[in-house]
Every structure is written in structure tokens, then in C-alpha cells.
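Just below is one structure, and these are the notes that go with it.
The values are calculated or read from the model by the stated rules, or taken from the named source; none is laboratory data. Only a predicted model underlies this, so the values are computations on that prediction, with no experimental measurement involved. Don't worry about glycine lacking a Cβ; one is built from the backbone with ideal geometry, like all the others, and counts go over all protein chains shown.
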Amino acid sequence: MTPIEKCLINKSTNINPIWLMRQAGRYLPEFREIRKSNQDFIKLCLNQTLAEEITLQPIKRFGFDAAIIFSDILMVPYGIGQTVQFKKNFGPSLGNLELDKLGNITKNDFTENLSSIYKLLSNLKNSKDLENKDLIGFIGAPWTLLVYMINRVSPKNGLSQDFFKDEVLINEILNLLDKFLKIHIQNQINAGATIIQIFDSWAGLIQKDFDKFLYNPTLSLVNYVKSLGVPVICFPRGISDYVKFTKIVKPSMINIDYNVDPKNLIKYLDIPVQGGLDPKILLSNKENLKKQIIKYLEIFKDHPYVFNLGHGILPETQVEMVYELVEIVRNYK
Ligand code: CP3
């Protein structure tokens, strides 16, 4: 059993496995080196050899307890046939929604479009570097993907009321996403993913119809992952009621963001917890880093807990601070 499985299945405490969201990314010089000569981010995600190398970069440096595949939540809209581009200093930019076209994609077309991701997983599955470690596959939650597919850029300034005006369109996209996210989950598990994480990065933007946009679509996917015998981690970033979310959706583990008060949460929660530390703390100093890490480890001393951040690691993070973080977590008794 891997350390994370011990937490998830045996509910072991005091082992503190660790990995970091966005651990394969821009704070690593070896990633930036590859990125320099690979301007097209989608192509890079589909380049099996490089994606494998990038996935393993943080494992080789820090010995994390899990590798998360180098891919992106927007590979699903791409796989269905919406164009996706990443523009420098701007973020993702998606093409027009041609629902006629997207609705005609078959399971086989979709699987073919993303086949390199599944090959990446099956290659990594037997990697020497991942002995006794988990291999995490992931998806974006339906709400977050709906946001990108309709808004077509990151909703950094929130959503306009216009976003909700075409209810037929919204319902069709949610149906489409439920279908293809399940296919993507199944393909990743068949290829070797040992855990699935569901990223709902924009869940905090939901202000109404929580059943429709948050609970129902996430529950459908969580139940699907469980039916395949694999643990599922949810990260509904920015929601106000994590306790209600876990009671309704019942993931195997909940990843908290840095605005959650862990002390209060733990009183009401009976499932394993992951994450919490504000990634900005890695930009401060070592004393502060230690203090904040110990705070989380103390609070979760008697609770199954996987150390992680409250959102993805920031590109400006110094590698040295990550070594420090790993050492503090590993040496905590
Ligand atoms: O965690 C990992 O190391 C695995 C890989 C991973 C990436 N994206 C690689 C990536 C994962 C799990 C994601 C998930 C993802 N992608 C989310 C959910 C988590 C979150 O951060 O909220 C979201 C919202 C996306 C969409 C996305 N992809 C955004 C908003 C961006 C940033 C764009 C920018 O220019 O700032 C990306 C790009 C991206 N995805 C990078 C990486 C390593 C950086 C690409 C680069 O080199 O420019």
C-alpha cells in the first residue's frame, strides 16, 4: 500500500504523505528549459516523451509520494473539438463553441484525440521512479470547464449575467461534459491512474443553483470514479461550505483551499483531508514557512492528512523553499 492509500483507505494518521498541486511546472528550471523550445502548450501536453519527463521532474528532485500527470483540465474541451490556445502572459483562450460539431464527437474520436495522455499513464505506471507512489490522473469539474467553454478565457474579473442567458446551451454542455469526463476518467484509470483528482478551480464563483452547477454534476463523477474502485479527491476551490460539500458529494478525500479554517473544519469532518497551505507562504522566509507548515501538521495530527497546498504552486517559487518544505514535513514527528 502506498503512503497516500494508507491515509485514504486505512485512515492512518501521522504519516503525512506529500505532493504539490502544479508540482510539474514553471517554478522548475528544467521545466522552463523544455518550455523554451516548445511554445505550443497543447502540443507539449500531447508530446508523450516530454510529458513523461516533465511529470517525473518533481519526483526526481523532491521524492514526492505522488506524481500527477503533466496535462491540463482544458484537454477535455480540446478532445471534444473546441480549440484551445495558451497565450503568453494571458492564459488560456478557447475558440468558438460550435455545438453541432462538439455534439457529433464519438467516444472513439475523443479517445483518439487524447490517446497520448493515456499512453503517458501506461508508460509511467511501471516507472522505477514511482515505486510505492501514486499516479494521479485528473479532470476539471463540469462547472469549471463550463466556465472556460462559455467564457473562453479565465474569468479573472468574475462572470457577467450574460454567462447564464442561454440555458439550453448550458444544459447541453453539462450533458456533454458528464459523458466525456466519464470517458476521460475511465481511460485514465484503465491506463494506470491510481487516484483521480477533480479540480473545481472556479467553484467559488457559483452564487446560485448549487445543485445544478456544483453538487449534482460532481456527485455523478465521484460516484463514477468510486464504481471503478479508485479513490477520488475533490478540490472545490473557494466554496464557503466545505462541510456541506463533503456530506453531499462524499469524495474519498477533500482538498481544502487556504481560506478554510482547518481547526474549525476538522470538528465536522470525517473524511481524509489534503492541502491548505497558502502557496504565497513559499515566497516568504524559512522561519515563517516552518511555522505555517507545523500549524497544519499539528491540527491534523490525529486525522488522515496528505500534505499539499491550498492552490497550485506559484511560478516565482524558489526551488530551495520547496526542498525546505519537504524536509520539514518529512522530519515532523
Ligand atoms: O499539477 C501538476 O503539476 C499537473 C499538471 C497540471 C497543469 N494544469 C499543468 C499546467 C494540472 C493539474 C493543471 C490543472 C489546471 N489547468 C487547472 C486546475 C487547477 C488550478 O490551477 O486551478 C486550471 C484552472 C487549468 C487551466 C490553466 N492551465 C491555466 C489557468 C493555466 C495558466 C495559464 C497562464 O499562462 O498563466 C494553465 C497552464 C498550465 N497548466 C501550466 C502548467 C504547467 C503553465 C504553462 C506554461 O508553461 O506557461
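Annotation for segment 104-123: no member residue is within 16 Å of the ligand (Cβ to nearest atom) and among the basic types (K, R).
Taking the criterion of being in contact with a Leu (Cβ under 9 Å, 6 or more places away or on another chain) and closer than 25 Å to P236 by Cα, would at least one residue in segment 125-135 satisfy it? Taking every residue of segment 125-135 in turn, at least one turns out to be in contact with a Leu (Cβ under 9 Å, 6 or more places away or on another chain) and closer than 25 Å to P236 by Cα. Within segment 219-226, none of the residues are buried (at least 23 other Cβ atoms within 10 Å of the Cβ) and either at positive phi or assigned to a loop (DSSP other than H, G, I, E, B) (or both).
Checking each residue in segment 177-203 for being loosely packed, with under 15 Cβ neighbours inside 10 Å and within 19 Å of I150 (Cα to Cα) picks out only K179.
What do you reckon, is L174 away from the ligand (no atom under 16 Å from the Cβ) and surrounded by fewer than 22 Cβ atoms within 10 Å (Cβ to Cβ)? Yes; evaluated as a whole, the condition is true for this residue. Within segment 21-61, restricting attention to residues that are assigned to a helix (DSSP H, G or I) and among the aromatic types (F, W, Y), the residue that is nearest to the ligand (Cβ to nearest atom) is F41. If you take the residues in segment 227-247 that are under 10 Å from I198 (Cα atoms) and not β-branched (V, I, T), which one is surrounded by the fewest Cβ atoms within 10 Å (Cβ to Cβ)? Here the residue is F235. Listed by first and then second residue, the pairs linking a residue in segment 28-45 that is under 18 Å from L120 (Cα atoms) and in contact (Cβ under 8 Å) with a residue 24 or more places away in the chain to a residue that is of a type in the set (G, A, S) and near the ligand (Cβ under 9 Å from one of its atoms), with Cβ atoms under 7 Å apart and 6 or more places separating them unless they lie on different chains, are F31/A24; F31/G25; C45/S71. For beta carbons closer than 7 Å, sequence separation of 6+ or different chains, a first residue in segment 102-128 that is more than 23 Å from I54 (Cβ to Cβ) and touching a residue at least 40 places away in the same chain (Cβ under 8 Å) and a second that is among the β-branched types (V, I, T) and crowded, with 16+ Cβ neighbours inside 10 Å, the qualifying pairs are L102/I80; I105/I80; K107/I183; F110/I80; F110/I183.
Hand me the list of helices (runs of 4 or more DSSP H) wholly inside segment 97-157 holding 1 or more residues that are of a type in the set (A, V, I, L, M) and surrounded by 22 or more Cβ atoms within 10 Å (Cβ to Cβ). Outline the logic, then answer.
Details: elements: 99-103, 107-113, 115-125, 142-151.
Of the helices (runs of 4 or more DSSP H) lying wholly inside segment 97-157, those with at least 1 residues that are of a type in the set (A, V, I, L, M) and surrounded by 22 or more Cβ atoms within 10 Å (Cβ to Cβ) span 115-125, 142-151.
The residues of segment 62-92 that are among the polar types (S, T, N, Q), near the ligand (Cβ under 10 Å from one of its atoms) and either assigned to a strand (DSSP E or B) or modelled with pLDDT of 95 or more (or both) amount to a single one, S71. Evaluation of Y332 against the conditions (1) surrounded by fewer than 17 Cβ atoms within 10 Å (Cβ to Cβ); (2) of a type in the set (F, W, Y); (3) within 16 Å of the ligand (Cβ to nearest atom) shows that the sole unmet condition is (3). Looking across K263, K286, K291, K250, one residue alone is surrounded by fewer than 19 Cβ atoms within 10 Å (Cβ to Cβ), without any contact (Cβ under 8 Å) to a residue 24 or more places away in the chain and more than 15 Å from P17 (Cβ to Cβ). It is K291.
For first residues located in segment 304-333 and closer than 14 Å to I281 by Cβ, partners that are assigned to a helix (DSSP H, G or I) and away from the ligand (no atom under 14 Å from the Cβ) and lie 6+ apart or on another chain with Cβ distances below 6 Å form the pairs F307/V329; T317/L282; M321/L282; E324/K286; I328/K290; I328/I293. Close Cβ contacts (under 7 Å, 6 or more residues apart or on different chains) running from residues in segment 72-91 that are closer than 15 Å to F138 by Cα to residues that are more than 7 Å from the ligand (Cβ to nearest atom) and in a loop (DSSP other than H, G, I, E, B) comprise M75/L114; G79/L114.
Output the residues belonging to segment 266-283 that are surrounded by 13 or more Cβ atoms within 10 Å (Cβ to Cβ) and assigned to a helix (DSSP H, G or I). Residues satisfying the conditions are I266, P279, K280, I281, L282, L283.
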